[in-house]
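Below: one structure, written as structure tokens.
The values are calculated or read from the model by the stated rules, or taken from the named source; none is laboratory data. If you're wondering where the values come from, they're calculated on a predicted model, not measured in any experiment. Using ideal geometry, Cβ is built from the backbone for each residue, glycine included, and neighbour counts are taken over all protein chains shown.
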Amino acid sequence: MTSEYRFSGRATSAGSGRYYAIRMAPPALRDTLSLIFEWQWELQAIYHRCSDPGIALTKLQWYRDELSRALKGQTQHPLLMLLAEAVHSHQLPPQPLLKIADAVEIEIRGIIPKDISALKADGELGRGNLLQLITRIGGGNKQELACARQLGAPLRLIEVIRNLGQDLQSGSCFLPLDLMAQYNLQPTQLAEPESKKALHALLTELAAQAKAWHTAALNGLSGHKHPALIPALALTASHSSLLSELERAGFTVLTQRTSLTPLRKLWISWRTYRQYR
């Protein structure tokens, strides 16, 4: 496998939450798990790097079409060739990979969720399908796959909160419309000083929702040992700790980007491994 796409590649670089999540998986699966994250990374790069939505959507469609060709053995793209091999060898359904692309399309189009239910659906569409795939590679059962999909919602919501400043700078906002209306906020006004108090209250409410979704997903599990879920659980646990830091800092997401130290990510992933292994 090309070193660029192996474990500890672009999407799973050392020190990242994804790196430590995969480190808790069996060594034989790490490169394959990394490929799923690389697929999302490749698509997400279109949103982050292409300022023209029309061109971005064209590129995204090319990847969808190229994935279909790859599954028929008709591509020369190195990542998609490897991804097709993983799909066949692990008997993965290709549809979740396309759903991840659909979630990126929502970001490219700048579609603001109308309410918290729509934001949850968006989270399960993108992050949920990603977590399902890595859980399926680990041999997850039906209950674990359902949990993985549900974990996508808090994962995405925490990202929305953390990336708010960055998204606003690029002209996007993914806070639910109904909540912004409830707090008398408009996307174009969020960075204004007079909006600070209302925005803090809104983000506090969203943080509570993320915690509730996380708890509900875990409550759906029976028993205590879920090794196939460990990468998904470790990544979500890392995001939950990040949310705590964002709260502690007063949600200063418009002016700074909060991160966990690599050592703390390692500790969280190891603790998750010990709990569910």
Worksheet item: Out of Tyr63, Tyr47, Tyr20, which single residue is touching a helix residue (DSSP H, G or I) at 6+ places or on another chain (Cβ under 8 Å), within 23 Å of Met81 (Cβ to Cβ) and touching a residue at least 12 places away in the same chain (Cβ under 8 Å)?
Response: Tyr63
Discussion item. Can you go through Leu221, Leu235 and tell me which one is in a helix (DSSP H, G or I) and of a type in the set (A, V, I, L, M, F, W, C)?
Written reply: Leu235
Worksheet item: Out of all the residues in the range 263-276, is one or more farther than 18 Å from Ser8 by Cα, in contact (Cβ under 8 Å) with a residue 60 or more places away in the chain and surrounded by fewer than 13 Cβ atoms within 10 Å (Cβ to Cβ)?
Response: no
Discussion item. Of all residues being of a type in the set (Gly, Ala, Ser) and in contact with a His (Cβ under 8 Å, 6 or more places away or on another chain) in the range 225-277, which is farthest from Arg156 (Cα to Cα)? Just the residue, please.
Written reply: Gly250
Worksheet entry | Looking only at the range 202-230, and only at residues there that are of a type in the set (D, E, K, R) and at pLDDT 95 or above, the one that is farthest from the chain's Cα centre (by Cα) | Glu205
Item to complete: Determine if the range 72-85 includes at least one residue that is crowded, with 21+ Cβ neighbours inside 10 Å and outside any helix (DSSP H, G or I).
Response: no
Fill in: Out of Thr272, Thr252, Thr258, Thr204, sole residue that is within 30 Å of Ser170 (Cα to Cα), assigned to a helix (DSSP H, G or I) and β-branched (Val, Ile, Thr)
Thr204
Worksheet item: How about the range 89-142: which of its residues are among the charged types (D, E, K, R), more than 16 Å from the chain's Cα centre (by Cα) and under 16 Å from Val160 (Cα atoms)?
Response: Arg109, Lys114, Asp115
Worksheet item: Picking from Ala217, Ala212, Ala208, Ala234, which residue would you name as being farther than 20 Å from Arg264 by Cα and crowded, with 22+ Cβ neighbours inside 10 Å?
Response: Ala217
Worksheet, complete the sentence: Scanning the range 88-113 residue by residue, those free of Cβ contacts under 8 Å to residues at least 40 places away in the same chain, in a helix (DSSP H, G or I) and β-branched (Val, Ile, Thr) turn out to be Ile106
Worksheet item: Residues of the range 6-41 being touching a Pro at 6+ places or on another chain (Cβ under 7 Å) and buried (at least 21 other Cβ atoms within 10 Å of the Cβ), which ones?
Response: Ala21, Ile22, Met24, Ala25, Leu33
Worksheet item: Restricting to helices (runs of 4 or more DSSP H) lying wholly in the range 118-201: which have 1 or more residues that are at pLDDT 95 or above, in contact with a Cys (Cβ under 9 Å, 6 or more places away or on another chain) and more than 30 Å from His226 (Cα to Cα)?
Response: 164-169, 177-182
Discussion item. Yes or no: the range 157-170 includes at least one residue that is hydroxyl-bearing (Ser, Thr, Tyr) and under 25 Å from Ala201 (Cβ atoms).
Written reply: yes
Worksheet item: Is it true that some residue in the range 2-15 is in contact (Cβ under 8 Å) with a residue 12 or more places away in the chain, within 14 Å of the chain's Cα centre (by Cα), within 17 Å of Ser238 (Cβ to Cβ) and not in a loop (DSSP other than H, G, I, E, B)?
Response: no
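Condition check ((1) in contact (Cβ under 8 Å) with a residue 24 or more places away in the chain; (2) within 21 Å of the chain's Cα centre (by Cα); (3) surrounded by fewer than 17 Cβ atoms within 10 Å (Cβ to Cβ)) across all residues:
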{"site": "Glu144", "(1), (2), (3)": "yes, yes, no"}
{"site": "Leu151", "(1), (2), (3)": "yes, yes, no"}
{"site": "Pro154", "(1), (2), (3)": "yes, yes, no"}
{"site": "Ile161", "(1), (2), (3)": "yes, yes, no"}
{"site": "Leu164", "(1), (2), (3)": "yes, yes, no"}
{"site": "Cys173", "(1), (2), (3)": "yes, yes, no"}
{"site": "Ala181", "(1), (2), (3)": "no, no, yes"}
{"site": "Pro187", "(1), (2), (3)": "yes, no, no"}
{"site": "Leu190", "(1), (2), (3)": "yes, no, no"}
